[in-house]
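Beneath this line is the structure, given in structure tokens, with notes to follow.
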Amino acid sequence: MRVYLVIIDESEEAGVALRFASRRAAQTGGAVHVLALAPPQGFHAFSAIQATIEDEARQRAEQLTAAAIGALPADCARPQRIVVRIGEGAALVRNYIAEHAEVAALVLAAAREGEPGPLVGHFVNAMGTLPCPLYIIPGGMAEAEIDRLT
């Protein structure tokens, strides 16, 4: 089964990538895995404070993911797996792909304006070392256009 890996983070274009991957998975009989990223938190001397801060970051990532999934139309594939991880984005994505050989493509969306975004920039520069194709969807692409393409 073809698995499309989508990254959900604080960026507004993450929903564009999720829509593309979910529509593509529905059309090809594939599946979607969502890796929700929470930024690393600064170190705090007391473990209880650190745990609370990390829990809040995890909850925020879960809320972002739920909102993105909730915005998908009924004819889209629903994510088969949702994982929330805290840390540096590119390293977490690479680790996830290394741990899950079933990932057939990494789907990211570029920012609407300016620089494409840190994950897109990182993976474009490292594309030759990825074990799967990289799909980059324009972040400003309209839903109707995504639907037409998929």
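At a threshold of 8 angstrom on Cα-Cα distance, excluding pairs fewer than six apart, so keeping six or more, what relative contact order does region 3-149 reach in percent?
Numbers: 235 pairs, mean separation 47.1, N = 147.
Reported relative contact order: 32 percent.
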For the chain, the spread of Cα positions along each principal axis, largest first, Å = 51, 35, 34
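From the square roots a ≥ b ≥ c of the eigenvalues of the alpha-carbon gyration tensor of region 101-146, which class results: rounded (a/c under 1.5), prolate (a/b over b/c), or oblate?
Oblate, because a/c is 1.5 or more while a/b does not exceed b/c.
Determine the calculated [θ] at 222 nm for the chain from helices alone, applying -39500 (n - 2.57) to every DSSP H run no shorter than 4 residues and normalising by the residue count; nearest 500 deg cm²/dmol.
Working: 5 runs with 65 residues, N = 150.
Estimated from H runs of four or more residues: -13500 deg cm²/dmol.
By per-residue mean of other Cβ atoms within 10 Å, what is the highest-first order of 118-130, 20-32? Before the final figure, lay out the partial values.
On the way: 118-130: 14.3, 20-32: 21.3.
Ranked from most to least packed, the peptides come out as 20-32, 118-130.
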Inter-part gap, Cα centre of region 34-94 to Cα centre of region 98-117, in whole angstrom, is 16 Å
With charges only on Cβ, +1 for K and R and -1 for D and E, what is the dipole size of region 1-133 about its Cα centre, in debye, rounded to 20?
-> 480 debye
Candidates Gly70, Gly139, Gly114; GNM for the chain (alpha-carbon contacts under 10 Å) flags as most fluctuating Gly114
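Given a Förster radius of 30 Å and the C-beta distance between Met127 and Ile53 as r, what FRET efficiency does 1/(1 + (r/R0)^6) yield to the nearest 0.05? All intermediate terms of the calculation are to be shown ahead of the outcome.
Details: r = 34 Å, r/R0 = 1.14.
So the FRET efficiency works out to roughly 0.30.
Loop by DSSP (not H, G, I, E, B), at most 16 other beta-carbon atoms within 10 Å: where is the longest site-free stretch of the chain for GluC sites (Glu not before Pro)? Please report the intermediate quantities before stating the final value.
Values: sites that count: Glu10, Glu12, Glu88, Glu102, Glu113.
Segment 13-87 is the longest.
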Karplus ³J(HN,Hα) for region 85-92 (6.51 cos²θ - 1.76 cosθ + 1.60, θ = phi - 60°; Hz, whole; x = Gly/Pro) runs 9, 10, x, 6, x, 4, 5, 5
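Only sites in a loop by DSSP and with at most 16 other Cβ atoms within 10 Å count here; which trypsin sites (Lys or Arg not before Pro) in region 66-123 make the cut?
Details: sites: Arg81, Arg85, Arg94, Arg112; in loops: Arg112.
Loop-located and lightly packed - Arg112.
Laboratory data are not the source of any read-out in this text; all were calculated from the coordinates shown. These numbers come from a predicted model, not from an experiment. Using ideal geometry, Cβ is built from the backbone for each residue, glycine included, and neighbour counts are taken over all protein chains shown.
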